[in-house]
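The values are calculated or read from the model by the stated rules, or taken from the named source; none is laboratory data. For clarity, every value in this text was computed on a predicted model and none was experimentally measured. Here the Cβ positions follow ideal geometry from the backbone for every residue, glycine too, while neighbour counts run over all protein chains shown.
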C-alpha cells in the first residue's frame with residue numbers, strides 16, 4: 001500500500017509538479033530577447049494574418065482567455081494588479097496559462113506513451129524517468145520563443161503518437177478514427193499535424209525498400225492523410241490570405257546567420273544523441289520517421305528559422321518515443 005502511494009506521489013512529482021516549475025521558470029524566471037510578448041497588451045495583428053490566421057484554435061483561446069483574465073484581474077485581483085502587471089500583461093499571462101495546461105497534458109501523455117510498450121532499454125523505470133525528463137526539458141527549453149500554438153500542437157502530436165502506437169498494436173478501427181480525429185483537429189492548431197502522418201507511416205514503412213511493408217496499410221495511411229489535407233485546404237478556401245503557405249522565405253538566413261546555424265546544430269545533435277539510444281529495430285523506425293518527415297524538414301529550411309528550435313520539437317519528441325518502444329512488437 002505504501003509502495004503504491006509512493007509511486008503515485010512520484011508520478012505526480014515527475015509528470016506535473018516538476019514540469020510546472022520548469023515551465024514557470026521559463027516564462028517568469030528568464031527574459032527572452034527574441035520576442036516581446038511580455039509587454040503586449042493584446043494579441044498582435046500578425047496573429048490573425050498570413051499563415052498565422054489558420055491557427056484557429058490557438059487564436060480563439062488567446063483572445064477569450066486574455067479577455068477573461070483581464071476582467072478577472074480588474075474585478076477580483078485589483079490589489080494584486082501592480083504585481084501581476086509588473087510580471088507581464090494579461091495577454092502574456094494568458095499565453096502562459098494556455099501553454100501550461102497543454103504542456104502538463106503533454107507531460108502526462110508522454111509518460112503514458114513511455115509506459116505503453118517499452119523496449120528493454122525503457123523497461124527500467126529509472127531510465128524511463130530520465131527519458132521523460134529529457135522530453136520535458138526539450139519542451140521547456142524551446143520556450144524562449146513563446147507562441148500561442150506550439151504547446152497545443154505538441155499535445156495533439158503526442159496524442160496522435162499514442163493512438164498510432166495503439167493502432168499498431170490492436171489494429172482496432174476505433175484507434176485509427178481517433179487518430180484521424182486528432183489530426184483533423186490539430187490542423188486547426190498548426191501545420192505540424194502532418195508529422196503525425198509521418199510517425200504513423202514510419203511504423204509500417206521500410207526505408208530500405210522505400211515501400212510500406214504491408215499493402216493493406218495504404219488504406220489506413222490514406223485515412224490519416226485525408227484527415228490532414230481536408231481541413232488544410234478547407235481553411236485556405238474559407239480564410240484566404242496572401243501568405244497562405246508561409247510568411248516568408250528564409251533559406252539564405254538559415255545558412256548565413258550564426259544563430260540559425262546554432263539552431264541547426266542543436267536539432268542535429270539532439271537527433272544524433274537520441275539515435276544512439278535506439279536499438280537496431282528502433283534505428284530503422286527512426287530512419288523511417290526522418291525520411292518521411294523530409295517535407296517538414298524542407299519547410300523548416302525554406303520558410304522557418306532554425307533558431308526557432310520549437311520547430312524541431314515534434315521531431316525530437318517523435319524519435320524520443322521511438323527510442324523507448326518495442327518496435328518489433330508494433331510491426332508484428
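Observations
- Residues that are in a helix (DSSP H, G or I) and touching a residue at least 60 places away in the same chain (Cβ under 8 Å), drawn from segment 260-280: 270, 277
- Odd one out for residue 144 among (1) crowded, with 17+ Cβ neighbours inside 10 Å; (2) out of contact with any helix residue (DSSP H, G or I) (no Cβ under 7 Å at 6 or more places or on another chain); (3) modelled with pLDDT of 90 or more: (3)
- Residue 93 part of a helix (DSSP H, G or I), over 15 Å from the mean Cα position of the chain (by Cα) and farther than 30 Å from residue 307 by Cβ: no
- Selection over segment 106-121 of residues that are under 15 Å from residue 133 (Cα atoms) and surrounded by fewer than 18 Cβ atoms within 10 Å (Cβ to Cβ) gives a count of 3.
- Verdict on residue 281 being closer than 19 Å to residue 192 by Cβ and in contact with a helix residue (DSSP H, G or I) (Cβ under 8 Å, 6 or more places away or on another chain): no
- Single residue of 204, 184, 157 found to be out of contact with any strand residue (DSSP E or B) (no Cβ under 9 Å at 6 or more places or on another chain), closer than 18 Å to residue 290 by Cβ and either modelled with pLDDT under 90 or buried (at least 17 other Cβ atoms within 10 Å of the Cβ) (or both): 157
- Segment 44-59, subset surrounded by 12 or more Cβ atoms within 10 Å (Cβ to Cβ) and either out of contact with any helix residue (DSSP H, G or I) (no Cβ under 9 Å at 6 or more places or on another chain) or over 19 Å from residue 99 (Cα atoms) (or both), residue modelled with the highest pLDDT: 51
- Output for segment 29-42, where each listed residue is at pLDDT below 80 and surrounded by 14 or more Cβ atoms within 10 Å (Cβ to Cβ): 32, 37, 38
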